[in-house]
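The values are calculated or read from the model by the stated rules, or taken from the named source; none is laboratory data. These numbers were taken from a predicted model, which means no experiment stands behind them. Don't worry about glycine lacking a Cβ; one is built from the backbone with ideal geometry, like all the others, and counts go over all protein chains shown. The accessibility values were calculated without ligands, DNA or RNA, using every heavy atom of the protein model including side chains. Shrake-Rupley method; radii C 1.70, N 1.55, O 1.52, S 1.80 Å.
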Amino acid sequence: MKQIKAVAIFSFAFLLVAILFEILLSGGGILTPLKKIYPDKGERYYPNKMYSSIFISEGFGLAKTNSSGWFGKDFSDTGKNDISIAVLGNSFVVSRQVFYRDNFLSVAENDLNKQLTNKQASFFNFGLEGINIKELLYLKNEVVAENNPDYMIILLRDGNFSKTEKNYAPFCEYQNGQFIVDSSFKQKSFVKNYHKFHLLAESSVLFMSYRTKNHFPRAGEIIFDKFYFGKKKAAHSDENEGAVVDTLSAVDKAIVSELSKDKRVIFMLDASPDKADQLKLLLANSPVIDLKIPLQQMKEKGLDPNYWPIPEEKGHWTIPAHKMIGEEISQKMFVVLNQ
């Protein structure tokens with residue numbers, strides 16, 4: 001009887017600690033699941049969630065998603081004196097490696113509004129980590145249908161053009177000369193099981209356990225940091241793990257051409273020279289911000305836009321890079337607005 005009582009007390013105490021730990025992790029944004037799988041839109045961020053992003057090989061950011069599940073402020077456009085600018089792209093747009101006040105959207109907004117008179121420009125973040133070009137077209141159409149911004153800036157990087165489609169999300173497929181929406185992710189067994197056990201999937205404690213399991217191979221490096229003598233794993237500058245193609249496929253070209261038909265779209269390129277040249281040919285009639293030029297200027301000054309000095313590793317854009325990119329965007333947008 002005493003053993004049963006002891007087990008019952010232990011089980012109750014363990015459950016209580018787990019609940020309190022769950023509240024601490026999720027309420028404080030310390031370590032929370034980043035995305036959920038919506039029935040129609042697939043993988044998206046949780047709305048109204050605080051995220052504390054600590055990157056072993058990069059920076060640290062603290063940001064909250066808005067009511068629509070995007071980082072930063074809710075979309076708004078109150079009148080003709082407001083200029084709404086939606087920014088779409090992958091993790092480089094999300095910019096969780098820095099505080100939101102330091103990312104390129106905030107810099108561009110502040111810098112552009114200093115140049116404008118009688119108008120107010122607002123930049124809205126529609127970045128989604130791991131997004132590929134097919135999903136990007138779907139997202140662009142969704143943003144237009146739901147928000148109808150005055151302008152859109154679409155970031156195209158090498159990682160957007162991947163051979164693998166690993167995301168649980170709808171995307172635009174090109175068949176017989178036209179685009180159709182492929183929502184086959186809904187039929188995948190993982191997605192069906194996710195919706196059956198979504199309460200467990202949303203648990204911060206289980207998410208922490210999952211992350212811990214994934215980081216076991218790097219335990220020595222994480223714990224001992226600079227005193228670790230093993231082989232460090234190289235940082236990724238793009239979260240998309242698919243094999244990046246060397247040249248644009250026929251579908252890639254069709255999607256880029258489709259995106260360029262909307263005259264509100266300004267393209268921002270951070271791609272390899274060969275791919276950037278291909279993209280520029282497709283975007284001959286669209287405004288283009290080629291980041292390779294200012295990023296190269298940073299390197300010439302001894303500043304690597306992807307190098308984080310404290311962990312001494314490369315990754316996403318650093319704070320100085322965000323500042324430079326934001327200023328570059330504000331200059332381009334000022335020209336576009338005054339044409």
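Sort through G302, G326 and tell me the only one that's open to solvent by less than 80 Å² (accessible area, probe 1.4 Å), out of contact with any Lys or Arg (no Cβ under 9 Å at 6 or more places or on another chain), part of a loop (DSSP other than H, G, I, E, B) and not hydroxyl-bearing (S, T, Y).
Result: G302 is the single residue among G302, G326 that is open to solvent by less than 80 Å² (accessible area, probe 1.4 Å), out of contact with any Lys or Arg (no Cβ under 9 Å at 6 or more places or on another chain), part of a loop (DSSP other than H, G, I, E, B) and not hydroxyl-bearing (S, T, Y).
Could you tell me which numbered condition F161 fails, if it satisfies all but one of (1) more than 30 Å from D77 (Cβ to Cβ); (2) of a type in the set (A, V, I, L, M, F, W, C); (3) at pLDDT 90 or above?
The number of the failed condition is (3).
In region 73-120, what count of residues is obtained for those that are over 21 Å from L269 (Cβ atoms) and among the aromatic types (F, W, Y)?
Going through region 73-120 one residue at a time, the tally reaches 3.
Need pairs with beta-carbon distance below 8 Å; first residue over 15 Å from P149 (Cβ atoms) and open to solvent by 60 Å² or more (accessible area, probe 1.4 Å) and within region 62-85, second at pLDDT below 90 and among the aromatic types (F, W, Y); sequence gap 6+ or separate chains.
Pairs found: L62/Y51; L62/F99; K64/Y51.
So which pairs qualify, if the first residue must be in region 168-186 and free of Cβ contacts under 8 Å to residues at least 12 places away in the same chain, the second must be open to solvent by less than 60 Å² (accessible area, probe 1.4 Å), the Cβ gap must be under 9 Å, and the two must be at least 6 apart or on different chains?
As it stands, the answer is G177/A254; I180/C172; I180/E173; S184/P170, since those pairs meet every condition given.
For region 77-105, enumerate the residues that are of a type in the set (G, A, S) and touching a Phe, Trp or Tyr at 6+ places or on another chain (Cβ under 6 Å). Working first, answer last.
Initially, region 77-105 is screened for residues of a type in the set (G, A, S), giving 79, 84, 86, 89, 91, 95.
Selection gives A86 alone.
What are the pairs, 6+ residues apart or on separate chains, where a residue within region 305-319 that is closer than 14 Å to L291 by Cα has its Cβ under 8 Å from a residue that is part of a loop (DSSP other than H, G, I, E, B) and of a type in the set (F, W, Y)?
P305/W317; N306/W317
Identify, please: which residue in region 270-280 is in a helix (DSSP H, G or I) and over 18 Å from I153 (Cα atoms) and is, among those, least open to solvent (accessible area, probe 1.4 Å)?
The selected residue is K275.
I'd like to check something: does region 14-29 contain any residue that is within 23 Å of G130 (Cβ to Cβ) and at pLDDT 75 or above?
Scanning region 14-29 turns up no residue that is within 23 Å of G130 (Cβ to Cβ) and at pLDDT 75 or above.
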